[in-house]
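Q: Before I ask anything, here is the structure I am working with.
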Amino acid sequence: MSALEQSICKYAEEPTKSVVRPALGLTFDSLGEAYDYYSLHIWEIGFGVRYGKSRLNAERTMCMHEIVCGCSRPKIVDRAGASVRC
């Protein structure tokens with residue numbers, strides 16, 4: 001049973017303010033499933049999500065991909081003080 005199906009079953013047994021309630025230890029079959037789950041949760045609250053940083057392992061396969069708030073942005077590096085040497 002997927003994490004979303006578990007959340008819907010819990011909501012049917014005991015209605016709460018939101019249907020999708022993230023918890024530690026949730027597992028997902030794919031990155032897309034995790035993205036959809038957190039997208040529904042954050043939509044209920046009133047925000048959006050997007051993909052953040054990712055990492056590849058030694059075999060060059062993705063081993064981590066962040067799902068972050070849609071409002072968060074990467075740090076902008078100030079290059080005003082950088083020097084160029086020729």
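The values are calculated or read from the model by the stated rules, or taken from the named source; none is laboratory data. Not measured: the values here are computed from a predicted model. So basically every Cβ, Gly included, is an ideal-geometry build from the backbone, and we count neighbours across all protein chains shown.
Q: Among the residues of the stretch 17-42, which ones are assigned to a loop (DSSP other than H, G, I, E, B) and in contact with a helix residue (DSSP H, G or I) (Cβ under 8 Å, 6 or more places away or on another chain)? Reasoning before the result, please.
A: Of all residues in the stretch 17-42, those assigned to a loop (DSSP other than H, G, I, E, B) come to 17-30.
Of everything in the stretch 17-42, those that are assigned to a loop (DSSP other than H, G, I, E, B) and in contact with a helix residue (DSSP H, G or I) (Cβ under 8 Å, 6 or more places away or on another chain) turn out to be Ser18, Val19, Val20, Arg21, Pro22, Leu26, Thr27, Phe28.
Q: Sticking with this structure for a sec: How many residues, within the stretch 64-78, are closer than 20 Å to Ala3 by Cα and over 10 Å from the mean Cα position of the chain (by Cα)?
A: Residues in the stretch 64-78 being closer than 20 Å to Ala3 by Cα and over 10 Å from the mean Cα position of the chain (by Cα): 1 in total.
Q: Residues being in contact with a Leu (Cβ under 8 Å, 6 or more places away or on another chain) and either polar (S, T, N, Q) or loosely packed, with under 13 Cβ neighbours inside 10 Å (or both): count how many of those fall in the stretch 48-77.
A: The number of residues fulfilling the criteria is 2.
Q: Taking the condition modelled with pLDDT under 85, touching an Asp or Glu at 6+ places or on another chain (Cβ under 9 Å) and of a type in the set (Ser, Thr, Tyr), does Ser18 pass?
A: Taking the combined requirement at face value, the residue satisfies it.
Q: Considering the stretch 9-47 alone, what residues qualify as being of a type in the set (Val, Ile, Thr) and surrounded by fewer than 14 Cβ atoms within 10 Å (Cβ to Cβ)?
A: First, pick out the residues of the stretch 9-47 that are of a type in the set (Val, Ile, Thr): 16, 19-20, 27, 42, 45.
Within the stretch 9-47, Thr16, Thr27, Ile45 qualify.
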